[in-house]
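The values are calculated or read from the model by the stated rules, or taken from the named source; none is laboratory data. Remember, predicted model here, so these are calculated numbers, not experimental data. Counting neighbours? That spans all protein chains shown, and the Cβs are built from the backbone with ideal geometry, glycine included. For accessibility, only protein heavy atoms count, side chains too; no ligands or nucleic acids. Shrake-Rupley method; radii C 1.70, N 1.55, O 1.52, S 1.80 Å.
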Amino acid sequence: YYSISQDVFEYHLSYLHENGFRTVRPGNTLPETGRPIVMTFDDGLKSAHWCYTRLAQYGFQGIFFVVTDFVDQKEYLSWNEVREMHENGMWMQSHTCNHLILTGLSTHNIHSEFSDSKRVLEDKLGAHVDCLSIPQGFVSDEIIDIARQCGYEHIFTSQPGLYVVGSH
């Protein structure tokens, strides 16, 4: 449901490149030329490394949301790959520690999922982490508030629909 084939991804990148799109990061100034777009990739699966190589060939950047406790596990990125991607212009950000459905967790456990993941990424990469992707899109106002308390400025979810700037 949330993935596409490599051929379709390649077609999308080609189309975006040929039509003047430029990747931007939330919070950055929009480019004076080109059409801004944000590209995100969840979970930190091995396939993310292939996506990164294709993005780089087109001069694009992406936000890769990593589940920190899954790094170095079978089918997931290694810390070496996460560092490589970061060092080559990709934005490595938080997708929590364990990819749990947050709405069923205590406030303390939600806080730990957010703050521990952020700390691990910042320690491993030496870079500021301010973006969070909520696992499986299950979110509430309390979860958004906890994320903000943990220092996240940009919060992504997979809930379909239109987001109105300033609504949270």
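Observations on the structure shown:
- Ranked from largest to smallest solvent-accessible area, with a 1.4 Å probe on the protein heavy atoms, SER94, SER112 come out as SER112, SER94.
- This model, with +1 at the C-beta of Lys and Arg and -1 at the C-beta of Asp and Glu, gives the chain a dipole about its Cα centre of some 240 debye.
- With the convex hull of the Cα atoms taken as the outline of region 62-105, the averaged projected area works out to 3.4 nm².
- Evaluated at q = 0.10, 0.11, 0.14 Å⁻¹, the base-10 log of the normalised Debye intensity for the chain, with identical point scatterers placed on the Cα atoms, takes the values -0.37, -0.45, -0.74.
- Kirkwood analysis of region 103-157, using all unique Cα-Cα pairs, places the hydrodynamic radius at 11.3 Å.
- Solution diffusion estimate, µm²/s, Stokes-Einstein, region 8-78, Kirkwood Rh from C-alpha pairs, 10 °C, viscosity 1.306 mPa s: 121
- Surface analysis of the chain yields an accessible area of 56 Å² per residue, using protein heavy atoms and a 1.4 Å probe.
- Measuring nothing but protein heavy atoms, the accessible surface of region 36-138 at 1.4 Å probe radius is 48 percent carbon and sulfur.
- Dipole axis of the chain (+1 Lys, Arg; -1 Asp, Glu on Cβ), positive-most option in THR33, MET90, VAL139: THR33
- The listed residues LYS46, LYS74, once ranked by accessible area (1.4 Å probe) with the largest placed first, stand as LYS74, LYS46.
- Each Lys or Arg adds one and each Asp or Glu subtracts one; over the other residues with Cβ under 14 Å from the Cβ of SER112, this totals -1.
- Peptide packing: for 79-89, 19-29, the average count of neighbouring Cβ atoms within 10 Å per residue gives the ranking 79-89, 19-29, highest mean first.
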